[in-house]
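A.B. asks: Dumping the structure here so I can ask a few things about it.
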Amino acid sequence: MNYKIAKTAGFCGGVKKAFLMVEKRFKGKVNGERIFILGPLVHNENVMKTIAEMGIKRIDSIDSLEKGDVVIITAHGVGRDVFDKIKNKGAKAFDATCPKVSMVQNCAREYFEKCFEVVIFGDREHKEIRGINGWCENKATIVANFEEVNKLIAEIEKGRIKKPILLISQTTQNINNFEKVKKMLTEAVNKQKGTIEVVDTICRATFVRQKEALEIARDMDAVIVIGGRSSSNTKQLWRIVQKENPKTIWIEDPVELKMKENQEFIKNAKSIGVVSGASTSTNDIEKVSEIVKNCD
């Protein structure tokens with residue numbers, strides 16, 4: 001059977017940097033310290049198990065922090081107010097925010113301070129979006145889909161948005177969808193003789209990963225997508241691949257491939273491609289390869 005692993009499979013640069021930062025600072029060094037991580041470092045349960053094995057405890061609120069505690073800020077980032085609250089409690093923040101996300105945060109802050117209406121294309125419930133919004137006093141307009149973009153356009157046409165507009169995006173959004181949003185808003189603002197600035201904040205690694213996933217979906221008989229169920233970039237990959245090639249399965253953990261239906265999926269495939277979300281470790285990808293190759 002022809003078997004192909006995407007070149008982009010494994011951690012993206014931002015996730016790798018965050019993981020290595022945490023590993024270098026804390027692995028084998030948590031001796032009586034209270035070390036916490038604010039939510040998941042990345043949206044991958046196997047990676048979080050590794051973090052827990054270092055002695056780092058996950059928290060979802062900073063309310064219980066005490067003086068001297070250390071709290072890790074995850075790759076998705078947080079708003080300015082979270083840093084302020086950590087400092088006010090006498091705790092220390094260990095910032096592992098992805099550099100690309102930090103750039104988007106700074107962009108939102110800069111334009112908000114210049115009195116722009118900040119519009120973010122992305123999932124309003126996603127941690128990255130909440131963090132970016134936190135750098136513009138949680139006053140950004142968030143649009144998750146074309147329907148919401150059209151509602152925003154209606155507000156523009158009614159003259160209810162008088163500020164110049166900044167359009168940015170969640171770093172893991174589909175680039176083609178972002179281009180459509182950009183076109184829709186730009187045309188609407190130009191008709192009203194307004195001002196719009198567009199900053200393409202989609203991570204290039206995300207774009208390359210999506211492009212390769214589409215190629216593999218076209219070239220291979222079947223595809224395995226591996227990544228966390230709560231991972232936005234994995235969800236985007238799944239949508240792209242599954243639309244192109246219905247013979248696609250999405251797993252979060254390699255052990256899922258040992259299930260009867262997935263064993264049959266592998267056996268019936270003439271060729272299999274493997275693509276992964278940006279938070280999937282090389283170790284998990286190697287396990288997938290081993291299971292696929294040993295499936296008889």
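The values are calculated or read from the model by the stated rules, or taken from the named source; none is laboratory data. Keep in mind that what you see is a predicted model, and the values were worked out from it rather than measured. We place every Cβ from the backbone using ideal geometry, glycine too, and count neighbours over all the protein chains shown. Heads up: the accessible areas ignore ligands, DNA and RNA and are worked out on the full protein's heavy atoms, side chains in. Shrake-Rupley method; radii C 1.70, N 1.55, O 1.52, S 1.80 Å.
A.B. asks: Please work out the average accessible area per residue across the range 1-80, using the 1.4 Å probe convention, and give it in Å².
C.D. replies: Solvent-accessible surface per residue comes out at 52 Å².
A.B. asks: Now a separate question. Residue 91's amide H: which non-local residues (gap 5+, or another chain) put their own amide H closer than 5 Å, with H modeled 1.01 Å from N in plane and none for Pro or chain starts?
C.D. replies: Those qualifying (amide H under 5 Å, at least 5 residues apart or on another chain) are 68.
A.B. asks: Tell me the trypsin sites (Lys or Arg not before Pro) within the range 36-67 that lie in a loop according to DSSP and have at most 12 other beta-carbon atoms within 10 Å.
C.D. replies: Within the range 36-67, the qualifying trypsin sites (Lys or Arg not before Pro) (loop, at most 12 other Cβ atoms within 10 Å) are 67.
A.B. asks: Now for a different question. Net charge within 12 Å of residue 197 by Cβ-Cβ distance, Lys/Arg positive one each and Asp/Glu negative one each, not counting residue 197 itself?
C.D. replies: Working: positive: 114, 163, 182; negative: 110, 117, 200.
Around residue 197, the surrounding residues sum to 0.
A.B. asks: DSSP loop GluC sites (Glu not before Pro) in the range 33-75 with at most 13 other Cβ atoms within 10 Å of their Cβ, which ones? Write out the running numbers ahead of the final one.
C.D. replies: Numbers: sites: 33, 45, 53, 66; in loops: 33, 66.
Passing both the DSSP loop test and the Cβ count: 33, 66.
A.B. asks: Each residue of the range 186-202 in turn: what ³J(HN,Hα) in whole Hz from Karplus with 6.51, -1.76, 1.60 and θ = phi - 60°, glycine and Pro shown as x?
C.D. replies: Each residue of the range 186-202 in turn: 4, 5, 5, 5, 5, 4, 8, 6, x, 10, 9, 10, 10, 10, 6, 9, 6 Hz.
A.B. asks: Here's another thing I want to ask about it. Under 10 Å, Cα contacts only: if you run a Gaussian network model on the chain, which one of 202, 59, 72 comes out with the highest mean-square fluctuation?
C.D. replies: Among 202, 59, 72, the largest mean-square fluctuation in the Gaussian network model of the chain belongs to 59.
A.B. asks: Using the heavy atoms of the protein chains alone and a 1.4 angstrom probe, what is the accessible area of the range 210-281 per residue in square angstrom?
C.D. replies: Result: 43 Å² per residue.
A.B. asks: Roughly how many whole Å is it from the C-alpha centroid of the range 1-32 to that of the range 160-174?
C.D. replies: Each part reduced to its Cα centre gives a spacing of 31 Å.
A.B. asks: Tell me, rounded to the nearest percent, the portion of alpha carbon pairs in the chain spaced more than 31 Å apart.
C.D. replies: 38
A.B. asks: Specify the inter-centroid distance of the range 248-296 and the range 33-75, based on alpha-carbon positions, in whole Å.
C.D. replies: The range 248-296 and the range 33-75 have Cα centres spaced 29 Å from each other.
A.B. asks: Quick one: with all protein chains in place, what share of the accessible area of the chain is carbon or sulfur, to the nearest percent (1.4 Å probe)?
C.D. replies: That share works out to 48 percent.
A.B. asks: List, in order, the whole-Hz ³J(HN,Hα) value for each residue of the range 206-220 obtained from phi through the Karplus relation with A = 6.51, B = -1.76, C = 1.60 and θ = phi - 60°; use x for Gly and Pro.
C.D. replies: Along the range 206-220, the couplings run 5, 4, 5, 5, 5, 5, 5, 4, 5, 5, 5, 4, 6, 8, 9 Hz.
A.B. asks: Considering amide H positions built from the backbone, and no H for Pro or chain starts, which residues 5 or more places from residue 72, or on another chain, come under 5 Å of its amide H?
C.D. replies: HN-HN under 5 Å from residue 72: 36, 37, 38, 94.
A.B. asks: Still on this structure, please answer the following. Among the lysines, which have Cα under 30 Å from the Cα of residue 85 when same-chain residues fewer than 8 positions away are ignored?
C.D. replies: 16, 17, 24, 27, 29, 49, 57, 67, 100, 114, 127, 139
A.B. asks: More than 16 angstrom separation, counting every C-alpha pair in the range 138-204; what % is that?
C.D. replies: 43
A.B. asks: While we're on this one: Rounded to whole Hz and in sequence order, give me ³J(HN,Hα) for the range 63-72 from the Karplus expression 6.51 cos²θ - 1.76 cosθ + 1.60, θ = phi - 60°, writing x for Gly and Pro.
C.D. replies: 4, 8, 5, 10, 4, x, 5, 10, 10, 7
A.B. asks: Let me ask something else about it. Among residues other than residue 111 whose Cβ falls under 11 Å from its Cβ, what is the net charge (Lys/Arg +1, Asp/Glu -1)?
C.D. replies: Counting the neighbours of residue 111, the net charge comes to -1.
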